[in-house]
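Q: Before I ask anything, let me first share the structure, which is written out below as structure tokens.
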Amino acid sequence: MTPVKFNLFIYGSLRDRRVFQSVSGLIFTKTASKVNDKVLFAEPAFLPNHRRVSPDNVYYYAVPAQSSRIEGFVIHDVPDKAMAEIDKYEGKRYIRETVRVNTAQGPVEAQAYLVSHESMQKHFGDRFHVNLIHELWLRKKIEKFLKRRTRPGDRTADAELERQAERELLGTTERDLVMSHYRADGPSDYYIERELDRPRPTIRHLYNDSKAKPHIENYLALVIRQTLLNQLEEQIRSRYRFELEHMRISERYFKRSVSLLAALQIVNANSETVGMVVKDCLLTMPYEKHDLIEYIKYAVRAAKSIFHAPVAESHLERIRSNLQPGLVPLGFELELSNLGPAAVEPQRSIQKKTDPIYDSFKYFHDFQLDVLSWKVGGYIDDHSGSTDQQRRSGFLELAPGRLNITGELSRPATADPWLLNQLIHEIVKFYDIQPHSLHLSFQLRKNQIGKQKVLPLGFVKCLLVLGGGPEYKGTGGMWVSRMGYDEITQYRQGEELVFARTGKRNWYLGGDEIANRPPAQAMTYVQQYKFIRLEKRANYEPLIFCLKGLQLAYNPGDFLTAEQLASNPRLRHQYEELKQWATEPTEIGQHTITRFLNTVRQGLMNEGHRRPAHKLHYIEWALGAVDVQLRMFNHQLRKSVNMS
């Protein structure tokens, strides 16, 4: 059967090859000899008796107008499958009609997306492509701004590198412009330039700072590595938008999770090459003679030589073949510090430790690392609850999907336990900083909110065994280190255990087309588990399954707040028992293990509305891994008792 093909007249955003490829998976060329299964032939064309308008300054519409014509391209032989993707992309304001366009070879019959006056009153469909147009439109505006501001008129490769380096330093500004105008009219040129026109950051004020000088090269090495990662991720994202968007199951998820993972894998697999890049840069560019922009520029140039398309494609294919997403949105936060719990007060004052490499990240903001690390949600958390102070000492916290420092705007990283686990491992590997703790987040369903229960003590013990850092003490016995070191205990409003907390998240801060307020689904609730020890070699996939199954079947809530402990004598008693157990653990009984595993299984088997969302063998593998880990803990306890 001969496949159905169409000629397509394009006059708006689809003329951008990046957009066309992202939408259809194909590219077009004006050279007939280059045509193949993935490359279509395009030639200039005019649509008569129509005029192109853009009332919102972003989207283009073809409206009937005598004696006018629209300039565009006609793309020949577009497959039916690609046309179906383009239909979805164009949304509800357009109607696909058959038209006759004029080319150098004569009239050609083609499909074209024309405006419907009735549909002009309706909103676009909520597919990612609407945001894509905003993003690429803003990208062009920013490129024009940088050409005017950075070495105007200079078309050399060096000038272009400097503009790309400037763009790295505007990363959060560009992100915020995209997010603040999501599903809205495009911002004016004046507004864009006002947001972008800021002094170029400098680090020269640190060169004579005796406290900062010992750490400058360490920070510059981190700047170079972070820029390399950003550039590789950007190249992957721009080249493979179509493939990446078909791996993302909803626009409500962080759109860079897969491209970020691929970029991390490439950098980590080439650690020697990256190390040489950093070393050569610091040797040839002593900081006394250079400023921050020049190191970023060096990294931008180096990233071009490291990126290799076939390698990136193989990483993406490996990721795609391993994806098994569920239905519960997932997220995570990592805390890293060379000081462990002494990164924050009161342990910092008690232990009197110092960080010889980064000085507890005091100069993170000076080196613009809060901007450069936005794709991994990087910021410094001193556990004070405040985000006002620019210079702060604490943990380096990383949370892909967090779109601002306060966490007011964030999106889940994925719904795939495997992908989440891979991101955790690759990020820990990328940042050569001691891992400390891991927070896992699970989005609550509407029918769960306000109906959460306190976890049974036996279940809490099982979870602490799985993720709370059980280890041998110096005396030879075992304990649960996260509780033993007092890392998840707070005393601000009375003693409380920060084991799990329920919180709010916004994934979208715009208004809808009817009222100037966010749609109901824009705000979500998440259950965040904060008890987990972060380790380089741990496999968190079974624990992710375990917590997800518990949430679905048991619907646990906060554990344990100061208010809960003050008002409930039974919980106070259980808390004292838990503290004693964490210090001197006893075996977890088989009845508790069986009940725990059955509860997890029940949740996983009903994730997809009374049916599993994952394949059965995947669920059984995860449950088996949890069972083995709990039994191994009991075995190690018996062994430690016999040794003593």
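Q: Given the peptides 26-37, 375-386, 491-502, 94-105, arrange them by the average over their residues of other C-beta atoms within 10 Å, most packed first.
A: 375-386, 491-502, 94-105, 26-37
Q: Full extension from D432 to V108: what is 0.36 nm times the residue separation minus their Cα-Cα distance, to one decimal in nm?
A: That pair, D432 and V108, stretches by 110.7 nm at full extension.
Q: Report in % the part of the accessible area of the chain that belongs to carbon and sulfur, leaving out ligands and nucleic acids; probe 1.4 Å.
A: Ligands and nucleic acids excluded, carbon and sulfur reach 49 percent.
Q: Under the Karplus relation 6.51 cos²θ - 1.76 cosθ + 1.60, θ = phi - 60°, what is the ordered set of whole-Hz ³J(HN,Hα) values for the stretch 375-383, x standing for Gly and Pro?
A: 5, 9, x, x, 6, 9, 10, 9, 6
Q: Using a probe radius of 1.4 Å on heavy atoms only, what accessible surface per residue do you get for the stretch 1-79? Whole Å² is fine.
A: It amounts to 52 Å² per residue over the stretch 1-79.
Q: For the stretch 358-439, what number results from the quotient of the Cα radius of gyration and 2.2 N^0.38 Å?
A: Taking N as the residue count of the stretch 358-439, the ratio is 1.09.
Q: A 22 angstrom limit on the alpha carbon distance is what I want to check against. Which of K213/K375; K5/K34; K34/K147; K30/K141; K279/K353 exceed it?
A: K213/K375; K34/K147; K30/K141; K279/K353
Q: What is the ratio of the Cα radius of gyration of the chain to 2.2 N^0.38 Å, with N the residue count, to two decimals?
A: 1.07
Q: Starting from the Cα-Cα distance between A32 and L323, subtract it from 0.36 nm times their residue separation and give me the gain in nm to one decimal.
A: Length gained, A32 through L323: 101.0 nm.
Q: Normalising by the residue count of the chain, find the relative contact order in percent from Cα pairs under 8 Å and 6+ residues apart.
A: Relative contact order, the chain: 11 percent.
Q: Sticking with this structure for a sec: Which of P329, S393, H308 sits closest to the plus end of the dipole of the stretch 286-402, meaning its Cα is farthest towards the positive end, when Lys and Arg get +1 and Asp and Glu get -1 on the C-beta?
A: H308
Q: Tell me the angle of helix 309-322 to the major Cα principal axis of the chain, expressed in degrees between 0 and 90 and rounded to the nearest ten.
A: Roughly 60 degrees, rounded to the nearest 10.
Q: Here is a follow-up. Magnitude of the Cβ-charge dipole of the chain, K/R +1 and D/E -1, about the Cα centre, nearest 20 debye?
A: The calculated dipole for the chain is roughly 780 debye.
Q: Kindly express, to the nearest 10 degrees and within the range 0 to 90, the angle between helix 457-467's C-alpha long axis and the longest C-alpha principal axis of the chain.
A: Between the helix axis and the principal axis of the chain, the angle is about 60 degrees.
Q: If you don't mind, there's one more thing I want to ask. Output the 0 to 90 degree angle, nearest 10, between the alpha-carbon long axis of helix 590-605 and the longest principal axis computed from the alpha carbons of the chain.
A: The helix 590-605 is inclined about 10 degrees to the chain.
Q: Using a basic spin-label model with each label point 7 Å from the Cα along Cα→Cβ, how many nm lie between T594 and E43?
A: It works out to 7.8 nm between the two label points.
Q: Still on this structure, please answer the following. Taking the Cα-to-Cβ direction at N268 and at E313 and moving 7 Å from each Cα, how far apart do the two end points lie in nm?
A: Those two pseudo-labels are separated by 2.5 nm.
Q: Using +1 at the Cβ of each Lys and Arg and -1 at the Cβ of each Asp and Glu in the chain, identify which of I357, I544, W374 lies farthest towards the dipole's positive end.
A: Of the candidates, I544 comes out farthest on the positive side.
Q: Right, next: What whole-number value in Å² describes the accessible area per residue of the stretch 284-434 for a 1.4 Å probe?
A: Counting only protein heavy atoms, the per-residue value for the stretch 284-434 is 39 Å².
Q: Just how far, in whole angstrom, is the stretch 189-256 from the stretch 593-644 if you go by their alpha carbon centroids?
A: With the stretch 593-644 and the stretch 189-256 each reduced to a Cα centre, they are spaced 40 Å.
Q: Moving on. Sort the following peptides by mean Cβ neighbour count (other Cβ atoms within 10 Å, averaged over residues), highest first: 142-154, 440-452.
A: Peptide ranking by packing, descending: 440-452, 142-154.
Q: Count the net charge of all other residues whose Cβ sits under 12 Å from the Cβ of A110, scoring Lys and Arg as +1 and Asp and Glu as -1.
A: Taking every other residue near A110 into account, the sum is -1.
Q: Same structure, new question: Which length gain, in nm to one decimal place, applies between S567 and E471 when the Cα-Cα distance is subtracted from 0.36 nm times their residue separation?
A: Stretched fully, the S567-E471 segment lengthens by 31.3 nm.
Q: In addition: Rounded to the nearest 0.05, what FRET efficiency do K304 and R51 have when you use their Cβ-Cβ distance and R0 = 35 Å?
A: That pair, K304 with R51, gives E of 0.25.
The values are calculated or read from the model by the stated rules, or taken from the named source; none is laboratory data. Note that the structure is a prediction, hence the values are computed from the model and not measured. No Cβ is skipped: glycine too gets one built from the backbone with ideal geometry, and neighbour counts run over all protein chains shown. Heads up: the accessible areas ignore ligands, DNA and RNA and are worked out on the full protein's heavy atoms, side chains in. Shrake-Rupley method; radii C 1.70, N 1.55, O 1.52, S 1.80 Å.
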